[in-house]
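Read the structure below first, then the notes.
No value in this document is a laboratory result; all are computed from the given coordinates. Owing to the predicted nature of the structure, the values given are computational and were not obtained by experimental measurement. Note: ideal-geometry Cβ built from the backbone for every residue, glycine included; neighbour counts use all protein chains shown.
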Amino acid sequence: MKSIESHIVRRLLFGQGILWTIAAFSVWYSQRERLYSEFDNNQKFVSAALRFHIRNSTLEGEVRNRWPRFLTGDEGWHFQSWDEEQNVQVKSEGLGEAEFSYADFERAWSNKDKTAEYVKFNLKGPDGEPLRGVATVARSFRNGQFRRSSSRARDVLVTRSRRELDANLLWLAVFVFGTGVGASLATAKLVKHAVRQGLFSLRQMSEKAQAIDVSNLDVRFEESDLPIELQPISRRLNDLLRRIESGFIRERRFSSDLAHEIRTPITGLKSAAELLLKWPEETTLERHEQILEMANQMEGIIESLLMLASWESGTSPGSRNERIEVGEVVKQCWENESALAAKRNLEYSCSLSDSLEIDADSNLFRLIVANLISNAVSYADENSVVRVANTDGLHPVLTISNSIRQFDESEIANLTKRFWRADKSRSDSIHCGLGLSIVEACATRMGWNLKIDYETNDSVLTVSIGPVQAGD
Amino acid sequence: MRVLYVEDAFPLRDTVALALRKSGFAVDAAEDGSEGLFLFENYQYDVAVLDVMLPKFDGLALMKEIRRAERYTPVLLLTAKGELEDRVAGLDSGADDYMVKPFALDELISRIRALSRRGFKNPSSVLRVSDLEVDTSAKTVRRAGVAVKLSAHELAVLEILMRKAGTVVSRSVIDQHFYENSGLPMSNVIDVVICSIRKKISLNRSKPEMIHTRRGLGYVLQAEQ
């Protein structure tokens, strides 16, 4: 994967290279045209003058007085004219025996606009000198055909060496090319610097993102320091980081709590095994009961976790809805806890109608009621009342409330978290902090809603459960 | 050696306390922080083994109370919290050692023994006074190269006499170190144990006595009277 920086730099340099090439060629070409035009204008004038003097038979004197270079052929100055038969009529002395080919003139003329009065073309001198020729054309295009302008009109070619012109053009090309290359290199550096500066925030953000791992998920991107284009990205990243961090904290807490719940009974089992191996005389019935208690505790935790996992993954087969007598289920669950309730001197108050029946998954409903009553009996204040009611017809189906003075209202949100326990020491081996998680999972699976309220004035915790209603 | 062990999980507390007693430690086991603090304030312990998450008064708070009372009893924290930050927090708050559950009983006992040796001038596990040699780790006793077989209690009492060789060790110190809440300093349990040790390490009177009685003061172990 290429970096954005090199990608942008490469694209910009490529575009800039094309622009520089076009600009350089335009400059060179316009200069070339200007130089050729100046060059040709001079010859045009001479050619016209020569034609005039040829026509008036005053050529010889004029050449000697005004254009003596035609006599020597210096700097490639020559002239030559052709008659109607395309024969050489007159030519400059500098040409000596040599003469220009009419075919070259004719070819140049036929390639041009045929109405032009002059033809300009490049040709070679007798000594191989590169020449520029400008010829007056003694023809005009009328009524669809070419005609000689007049019976005395002649095609007159004037040549001049273009060695200096070509040298100037070459120098110009080198200069433009050199300037272009120099400017390109300077621009490349500037572009690279500008892109680097422009991408500084992005690079900084990338380095910061690369440095993030599980040990520093609290890192956040400072939005105000970033360009506006990056602010939505950083906002999103910060949001994701927040979620990942809270997920990690939750997972870590879950792992830590699970480890604690499992490690204590494992230690108990391991220690008991080591003790009995080392001192077999200590094998007693009571010791075996303790080992069984620890094994049961671990089994309970693992069963609860597996149950939750299978519901969450959807692998647990659901049973079909059936008619349930709510009062009967509540009564059975209370009876299961009656020994502990009696020990804690709890009073049971049930105001459920005997005829209250619902259609629901009976296994899940029984699990919900059993957990809620078990929690109420375990955590209600001693000598208090556990109330079970159906307050509002069928919604909620069930309300279980009990007094609990040692409770912080802010902990309500934690009650359904896995392994959360009111008793921070986690001494109770009957509960492991999964009861309300299971209740919530059952409720969700049934399409029901779990609601927990705490009345601070009366210190009463109320748990309501029932089908999800509009507005819940 | 007398150990205070505070753990709220009953089966574990019962098992570990028994294993420590079988290893020759006198163990007072408490089920919560406040009971642990009460015991600590009223008895002398060579080592305190504390669970971190305890009802009423957690292990770290209990340890801080111990340190606040300027008691430098070595403390071993025993907990299910094994994260690095938990271990660092435990050791930084004044613990001498930290063990994460589940642990091996033998390792726990070795660590408690190592911590208990810190209170003496000679922290080595091999103690020598004249031709009497006690290896507290291997639990062996030799007198003039001859192996002597002692019970766990006898070995523990001999160890403290060896560690404090040349100085008088009172009956109450022995009682506090080796007998859990016996509350019977006038009982003859200690005399019986001392008598048994004397007999065994003198190789049935074939070697000179090394444990001498200081009337009204206690016992002293030395090569010659």
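Rounded, prolate or oblate: which one fits region B:1-77, using the alpha carbon gyration tensor with axes a ≥ b ≥ c (rounded when a/c is under 1.5, else prolate when a/b beats b/c, else oblate)? Taking the square roots of the gyration eigenvalues as a ≥ b ≥ c, region B:1-77 is oblate. For region B:22-79, the list of GluC sites (Glu not before Pro) that fall in a loop by DSSP and count at most 11 other C-beta atoms within 10 angstrom reads B:Glu70.
Taking every alpha-carbon pair under 8 Å whose residues sit at least 6 apart, region B:12-170 reaches a relative contact order of 17 percent. Mind pulling the angle between the C-alpha long axis of helix A:362-379 and the longest principal axis of chain A? Nearest 10 degrees, somewhere in 0 to 90. Around 70 degrees separate the two axes. Mind checking the angle between helix A:4-55 and chain A's longest principal axis? C-alpha axes, 0 to 90 degrees, to the nearest 10. With both axes taken from Cα atoms, the answer is about 10 degrees. Quick check: from the Cα gyration tensor, does region A:201-245 come out rounded (a/c under 1.5), prolate or oblate? Oblate is the answer for region A:201-245, as a/c is 1.5 or above yet b/c matches or exceeds a/b. The shape of region A:1-109 comes out prolate: with a ≥ b ≥ c from the C-alpha gyration tensor, a/c is at least 1.5 and a/b beats b/c. I want to verify a result. In a Gaussian network model of chain B, Cα cutoff 10 Å, which of these has the top mean-square fluctuation: B:Phe40, B:Phe25, B:Phe103? Looking only at B:Phe40, B:Phe25, B:Phe103, the biggest GNM fluctuation is shown by B:Phe103. Relative contact order of chain A: 9 percent, from C-alpha pairs under 8 Å at least 6 residues apart in sequence. For the residue pairs A:Lys270/B:Lys81; B:Lys139/B:Lys207; A:Lys208/B:Lys81; A:Lys343/A:Lys451; A:Lys44/A:Lys91, alpha carbon separations beyond 23 Å are given by A:Lys208/B:Lys81; A:Lys343/A:Lys451. A simple spin-label model places pseudo-atoms 7 Å from Cα toward Cβ; at A:Glu75 and A:Ala48 they are separated by 2.0 nm.
With Cα atoms as the point set, the protein assembly as shown shows a radius of gyration and Dmax of 54.6, 167 Å. Other protein chain C-beta atoms within 10 Å of residue C-beta, averaged over B:102-110: 4.
Comparing B:Ala104, B:Ala156, B:Ala95 in a Gaussian network model of chain B where C-alpha atoms under 10 Å apart are linked, the largest mean-square fluctuation is found at B:Ala104.
Pop the C-beta distance of A:Thr283 and A:Asp218 into the FRET formula with R0 = 45 Å and round what comes out to the nearest 0.05. Rounded to the nearest 0.05, the efficiency is 0.30. Round to the nearest 10 and give me the degree value, 0 to 90, for the angle of helix A:163-198's Cα axis relative to the longest principal axis of chain A. Around 10 degrees separate the two axes. Between B:Ser137 and A:Ser3, the simple spin-label model (points 7 angstrom out along Cα→Cβ) gives 5.7 nm. This ranking places B:Ile197, A:Ile291, B:Ile190 by how few other beta-carbon atoms lie within 10 Å of each, fewest first, which gives A:Ile291, B:Ile190, B:Ile197. Sites count as exposed loop sites when they are GluC sites (Glu not before Pro), lie in a DSSP loop, and have at most 16 other Cβ atoms within 10 angstrom; the longest stretch of chain A without one is A:230-381.
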